[in-house]
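**Q** Submitted below is the structure of interest, expressed as structure tokens.
The values are calculated or read from the model by the stated rules, or taken from the named source; none is laboratory data. What you see is a predicted model; the values in this text were computed from it and never measured. Positions of Cβ are backbone-derived with ideal geometry, glycine not excepted, and every protein chain shown enters the neighbour counts. The protein model used for the area step is the full one, side chains on, heavy atoms only, and it has no ligands, DNA or RNA in it. Shrake-Rupley method; radii C 1.70, N 1.55, O 1.52, S 1.80 Å.
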Amino acid sequence: MATNSQKIQYFRDRVPAFACTPGCHDCCGPVTASSDEVSRLPIKTAAEHDKALADYNCPYLGDMGCQVYEERPLICRLFGTTANLPCPNGCAPSLPTDPKIERQIHKFHQTTRQVLL
Ligand code: SF4
Ligand code: SF4
């Protein structure tokens, strides 16, 4: 039985990367992620979380973009790579995420404790 960490790595390896519009972070906002993913992120204060939520934003979005890019959650990685989560700017990888992997990622989200970033 794979651990959640192993599953996260498995999914990360199967979501294709693609180039975004430079400087864009339009799809960043309040997102939830598995507690395993959130535990890898630096801790934000309650005030930082409250401010981000009040701005309908993500507490890890800085002036230069995502501050935790290497550890960004699966939902952030999946965005723009499937027809179900299209980029509003039309950016996409040459090949989308395999629908089977997309379903497995959503199932992973449904079966793990989700935490608001
Ligand atoms: S996926 Fe699209 S909306 Fe999100 S950051 Fe990239 S270009 Fe912007
Ligand atoms: S973790 Fe990074 S990529 Fe995901 S919503 Fe927050 S700032 Fe955007």
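**Q** Return only the number of the condition from (1) loosely packed, with under 14 Cβ neighbours inside 10 Å; (2) away from ligand 1 (no atom under 16 Å from the Cβ) that residue 23 does not satisfy.
**A** That leaves (2) as the condition not met.
**Q** Would you check if there is a residue in region 26-37 being over 21 Å from residue 108 (Cα atoms), loosely packed, with under 15 Cβ neighbours inside 10 Å and not hydroxyl-bearing (Ser, Thr, Tyr)?
**A** yes
**Q** For residue 43, are the conditions met, namely being buried (at least 18 other Cβ atoms within 10 Å of the Cβ) and either near ligand 2 (Cβ under 9 Å from one of its atoms) or farther than 20 Å from residue 108 by Cα (or both)? Explain how you work it out, then say what you get.
**A** Values: buried (at least 18 other Cβ atoms within 10 Å of the Cβ): no; either near ligand 2 (Cβ under 9 Å from one of its atoms) or farther than 20 Å from residue 108 by Cα (or both): yes.
Criteria not met by residue 43.
**Q** Here is a follow-up. Restricting attention to region 1-18, report how many residues are within 16 Å of ligand 1 (Cβ to nearest atom) and open to solvent by 80 Å² or more (accessible area, probe 1.4 Å). Write out each step before concluding.
**A** Going through region 1-18, the residues within 16 Å of ligand 1 (Cβ to nearest atom) turn out to be 15-18.
With open to solvent by 80 Å² or more (accessible area, probe 1.4 Å) added as a condition, the list becomes 17.
Count: 1.
**Q** Among the listed residues 77, 72, 113, which satisfies the condition of being within 16 Å of ligand 1 (Cβ to nearest atom), touching a strand residue (DSSP E or B) at 6+ places or on another chain (Cβ under 8 Å) and within 20 Å of residue 5 (Cα to Cα)?
**A** Working: 77 fails: touching a strand residue (DSSP E or B) at 6+ places or on another chain (Cβ under 8 Å); 113 fails: within 16 Å of ligand 1 (Cβ to nearest atom).
Of 77, 72, 113, the one residue that is within 16 Å of ligand 1 (Cβ to nearest atom), touching a strand residue (DSSP E or B) at 6+ places or on another chain (Cβ under 8 Å) and within 20 Å of residue 5 (Cα to Cα) is 72.
**Q** Can I ask one more? Considering only residues that are under 29 Å from residue 44 (Cβ atoms) and charged (D, E, K, R), look in region 66-117 and name the one that is most open to solvent (accessible area, probe 1.4 Å).
**A** Ranking the candidates gives 113 first.
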